[in-house]
Amino acid sequence: MSNTGTTHDVIVIGGSYAGMAAALQLLRARRRVLVIDGGRRRNRAASHSHGFLGQDGADPAAIAAAARHQLEAYPTLSWHEDEAVAAGGEHDDFHVETRDGHCHRGRRLLFATGVSDTLPPVDGLAERWGVSAFACPYCHGYELEQGRIGVIAAGPMSIHQAQLLPEWGTVTLLLNDALALDDATAHELAGRGVAIEPTPIARIDGHADVVLADGHRLPFAGLFTAPRTAPSTPLAERMGCTLSETPTGVRIHTDDAKQTTLRGVHACGDAALMMHSISLAVADGAWAAAHLHRSLVWPDA
C-alpha cells in the first residue's frame with residue numbers, strides 16, 4: 001500500500017453532483033480537498049436531465065463534466081479516478097485506500113457515494129432503466145406527453161407512485177404478484193383514474209411494451225417503479241456509520257449538520273437522503289460542506 005504523503009482537509013468519496021457541490025464550497029474556503037471517484041454516476045444511462053434549475057434538458061454527463069472543469073480551476077483540488085475500497089481512522093486522522101493500492105489521508109471524510117437501485121426482477125426492466133423506465137416523475141414525467149404510463153409494483157411505495165402519476169398521463173398499475181390491494185386502496189386508485197392489471201409480467205420489450213404472462217401486450221410511453229436503494233458502497237457501514245431504514249430503502253444516517261454517527265465523518269446526496277434528484281443532491285452537498293468547514297475552523301464546537 002503506497003501512502004501519498006499528503007494530508008487533505010477533506011476527502012470526498014464520490015465525485016458526482018453532491019460530492020462536487022461539497023468540494024466547490026470547501027475549495028472556495030481554500031481548503032485542501034481530495035475527490036475520489038469511480039466514474040459511475042447513477043444517472044449515466046439518462047440522455048437528459050430535468051428539473052435542475054438552469055440546466056433543464058441538459059445532458060447529465062455534460063453537467064458533470066462542466067462542474068469538474070470548474071473545480072479544477074482551484075489549486076487546492078486533488079482528483080483521484082479510482083474506487084475507494086477501504087476507509088478507517090478517527091477524527092483528524094482518517095485514511096482511504098483505493099483499488100490501485102494508494103492510501104490517502106485526511107482530517108475529515110465525506111461520503112457522497114450515491115446509491116444503487118435494486119429493481120423488481122422483471123425481464124427487460126434493467127436494460128430500460130433511465131431510458132424508458134424511471135423512479136421519479138418530477139424528473140421524467142413531463143416528457144411522456146400525457147401518454148400511457150405503467151407502474152410496475154414493487155411494494156407499498158408503488159401505490160403512492162400510482163396515485164401521483166395521473167398528473168402526467170393515463171396510469172395502469174401492474175401488480176405483478178408483488179402487491180395485494182385492499183378494497184379501500186383499490187377504490188382510492190379508481191378515483192384517481194388508475195387501471196389495475198393483475199396478470200403477471202412475462203417481460204418488457206420494445207420501447208416500454210409490457211408483455212403479460214397470458215401473451216397480451218400493453219404499450220406504454222414510459223414505465224415507473226419504486227426500486228429499493230442502498231448506498232452504492234458498504235464503506236460507511238463498515239467504518240461503523242449507522243444506516244437508517246426509509247420507505248425506499250436504507251440511507252447513511254446523519255444529523256442536521258450532515259454528520260454521521262462517527263465524529264468527523266459526514267455524508268450527503270442520495271446516499272444520505274430519502275428523496276433523490278440532482279437539485280437535492282447539489283443542495284445537500286453544499287450544506288454538508290458548510291458544516292465540514294465549520295468543524296475544521298472550530299474542531300471542538
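The one condition from (1) at pLDDT 95 or above; (2) farther than 23 Å from Pro247 by Cβ that Glu143 does not meet is (1). Residues that are assigned by TED's automatic domain parsing to the domain that holds Ala86 and either basic (Lys, Arg) or surrounded by fewer than 13 Cβ atoms within 10 Å (Cβ to Cβ) (or both) do occur in the stretch 257-273, at least one of them. Among what's in the stretch 86-124 and is surrounded by 14 or more Cβ atoms within 10 Å (Cβ to Cβ) and β-branched (Val, Ile, Thr), pick the residue that is farthest from Ala257 (Cα to Cα). Filtering the stretch 86-124 for residues that are surrounded by 14 or more Cβ atoms within 10 Å (Cβ to Cβ) and β-branched (Val, Ile, Thr), the one farthest from Ala257 (Cα to Cα) comes out as Val122. Check whether at least one residue in the stretch 248-255 is surrounded by 20 or more Cβ atoms within 10 Å (Cβ to Cβ), over 18 Å from Ser232 (Cβ atoms) and either under 19 Å from the mean Cα position of the chain (by Cα) or among the hydrophobic types (A, V, I, L, M, F, W, C) (or both), and report yes or no. No, that holds for no residue. Within the option set Asp255, Asp270, being among the acidic types (Asp, Glu) and over 22 Å from Pro156 (Cα atoms) holds for one residue only, Asp255. Taking every residue in the stretch 79-96 that is under 17 Å from Arg31 (Cα atoms) and pairing it with any residue that is assigned to a strand (DSSP E or B) and acidic (Asp, Glu), at least 6 positions away or on another chain, the pairs with Cβ-Cβ distances below 9 Å are Trp79/Asp37; His80/Asp37.
Conditions (1) of a type in the set (Val, Ile, Thr); (2) in contact (Cβ under 8 Å) with a residue 24 or more places away in the chain; (3) in contact with a strand residue (DSSP E or B) (Cβ under 6 Å, 6 or more places away or on another chain), marked per residue:
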residue	(1), (2), (3)
Leu24	no, yes, no
Leu27	no, yes, yes
Leu34	no, yes, yes
Asp59	no, no, no
Ala67	no, yes, no
Ala73	no, no, no
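Do the conditions hold for Thr113, that is, is it assigned to a loop (DSSP other than H, G, I, E, B) and touching a Gly at 6+ places or on another chain (Cβ under 6 Å)? Judged against the criteria, Thr113 is a match.
The values are calculated or read from the model by the stated rules, or taken from the named source; none is laboratory data. Given the structure is predicted, the values throughout are model-derived calculations rather than measurements. As a convention, Cβ positions derive from the backbone with ideal geometry for all residues, glycine included, and neighbour counts pool all protein chains shown.
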